[in-house]
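Here is the structure we will look at, set down as structure tokens.
Where a number appears in this text, it was derived from the coordinates with a stated rule and is not lab data. Here the structure is a predicted model, which means the values were calculated and not measured. Ideal geometry is used to build each Cβ from the backbone, glycine not excepted, and the neighbour counts take in all protein chains shown.
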Amino acid sequence: MDAEDSRRSGYYQSIARAFLERRGAPFLLSPKDQAAIAGWEERKIPLRVVLEGIGRTFDGLKSRGRVPKGISLAFCERPVDAAFAQHRDRIAGSRSGEAAARPRADKRDKARREIEKALRGLGPGDGDLARLLGTALEALAAPKPDDAALERIDAAVEDLLWAGIPAEARSAAEAEVRRELRGRRSKDTEGMVRRKAVQAARAGRRIPHASLYYY
């Protein structure tokens, strides 16, 4: 932490410390990282929820054998958003009991329909993807679906999609990222390219998410 960090809020410092400890060098936050924290603070996402999302990000990287060095806080945005959605669901559930369970049940039903539709559209060479989506259906059939397990399935699907993206599609995603950066440098360019290419592959092949956060 530098002198500027010392003048920032405890919210900022706690997030920065947790992120840098998990990521390792470089031990500085980029302007984009700082903007991510400011955005979470503005949305009033509780500190413990942000830390939970950061922890999920690094645990997921570790489980998939990926090196965390060099990633940005932007890489944590989806897990933080998912943790926040779950936090709000828990609060709603504690306030309104059975009535709050209905929206979650609706999300689960929609997720199951989308996954079943995707399974019907897979080809004979999509065995690994079919197994992952089948596992997602099994998880969604549980009385209380395991959110963390569904997120792990989403991560595994993304790994599989990324592995199958041809070189020309990766190059197109990289060119788009560089246009968006407009000459600016980013420590997570590779991650940005991967996310953009995977998003395009999901949309093109109509592969839905397993996590209920997306419904």
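For Rg and Dmax of the Cα atoms in Å, the listed values are [x] 18.6, 58; [y] 16.7, 58; [z] 17.9, 58; which was obtained by calculation from the structure presented?
Computed from the coordinates, Rg and Dmax of the Cα atoms in Å corresponds to [x].
Normalising by the residue count of the range 105-215, find the relative contact order in percent from Cα pairs under 8 Å and 6+ residues apart.
41
With θ taken as phi - 60° and the coefficients 6.51, -1.76 and 1.60, list the Karplus ³J(HN,Hα) couplings across the range 37-54 in order, rounded to whole Hz; mark glycine and proline as x.
Ordered by residue, 3J(HN,Hα) equals 5, 4, x, 5, 5, 5, 7, 6, 6, x, 4, 5, 6, 4, 5, 5, x, 5 Hz.
For the range 161-176, take each phi angle, set θ = phi - 60°, evaluate the Karplus expression 6.51 cos²θ - 1.76 cosθ + 1.60, and give the result in whole Hz per residue in order, putting x for glycine and proline.
Per residue, the Karplus-derived 3J(HN,Hα) values read 5, 4, 5, x, 7, x, 4, 5, 5, 5, 5, 5, 5, 5, 4, 5 Hz.
When K32, K196 are ordered from fewest to most other Cβ atoms inside 10 Å of their Cβ, what list results?
K32, K196
Find the relative contact order for the chain and round it to a whole percent, using C-alpha pairs within less than 8 Å whose residues are 6+ positions apart.
Normalised by residue count, the contact order of the chain is 20 percent.
Spin-label point model (7 Å from Cα, Cβ direction): what's the R179 to E138 distance in nm?
With each label point 7 Å from Cα toward Cβ, the separation is 4.3 nm.
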